Amino acid sequence: MPDTRDATTKILGLCGSLRAQSYNLAALKTAGELMPEGMTLEIGSIRELPLYDADLQAKGLPEPVTRLSDQIRAADAVLIASPEYNFSVPGVLKNAIDWVSRVKDQPFNDKAVAIMGASMGPLGTGRMQYDLRKILLFLNANALVKPEVFIGSAQTKFDEQGRLTDESTRKFIADQMQALRRWAQRINGSRQAVG
Ligand code: FNR
């Protein structure tokens, strides 16, 4: 079994908000800064995906769907940072997940995933995160359990430039990145072991 402990752990970041000044995009970038050595972040895009339509799918997968699926497959793990909309997963993120779930060898199968979220409400996307966990369960993804990262009252924790100024939140994110690295190595190592 190849030793993956010292290899680079490649993370694909996905943001559930399309807003340029998104707190969740800022949280993703912060995660990239706080990653331990040997871990890298690439941020993917869900913006170009059309609305899911089985008739469109029957004509051939749209290129942005194939691209996103390939990016997920190529990553050692996926980090999803998303707001909570109306107590649940934003439609744009659910739409992206629905599309890639229809791809042959759907890319979330057995994939290590971590979730974080920032909202202006006090619960910091808790309700969204548990709904997203349920969706990932159906896709047979391996969602990291702890540490959870809930960034409530986000408007008080980021400055105008999108820098996360709240030290305890920075620590939670740094700890989650360490845990995600170990989690991805465990999942990917055991996959190699069973072939
Ligand atoms: C929200 N917001 C919100 N906040 C929350 O804590 N719980 C919720 O259920 C909702 N619902 C909701 C629905 C819709 C349609 C919008 C547009 C917003 C507020 C949300 O937390 C806030 O807009 C965040 O700033 C969105 O995240 P980004 O875009 O900054 O990443």
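The numbers here are math on the coordinates, done by the rules we state, and not lab data. Note that the structure is predicted; figures quoted are calculated from it, not measured. Neighbour counts run over all protein chains shown; Cβ positions are idealised from the backbone, glycine included.
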3J(HN,Hα) from dihedral phi, region 139-156, Karplus parametrisation 6.51/-1.76/1.60, rounded to Hz, x for glycine, proline: 7, 6, 7, 9, 7, 4, 8, 9, x, 7, 10, 10, 9, x, 6, 4, 4, 9
For residue 9, distant residues with modelled amide H under 5 Å away: 39, 40
Using only the alpha carbons of the chain, determine the length spanned along each of the three principal axes and report them from longest to shortest in whole angstroms. 45, 43, 26
Between region 74-104 and region 153-172, the alpha-carbon center distance in angstrom: 23
Before anything else, pin down the relative contact order of the chain: Cα pairs under 8 Å, at least 6 apart, normalised by residue count, whole percent. 26
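Using only the Cα atoms, work out Rg/Rh for region 117-195, with Rh taken as the Kirkwood radius, to two decimals.
Working: Rg = 15.2 Å, Rh = 14.2 Å.
On the Cα set of region 117-195, Rg over Rh gives 1.07.
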Whichever lysines have a C-alpha closer than 23 Å to that of residue 29, once near sequence neighbours (fewer than 8 apart) are set aside: 10, 94, 111, 146, 157, 171
Cα-based convex hull volume of region 35-108 per residue, rounded to whole Å³: 100
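Considering only the other residues whose Cβ falls under 12 Å of the Cβ of residue 131, what net charge follows from Lys and Arg at +1 and Asp and Glu at -1?
Local net charge: +3.
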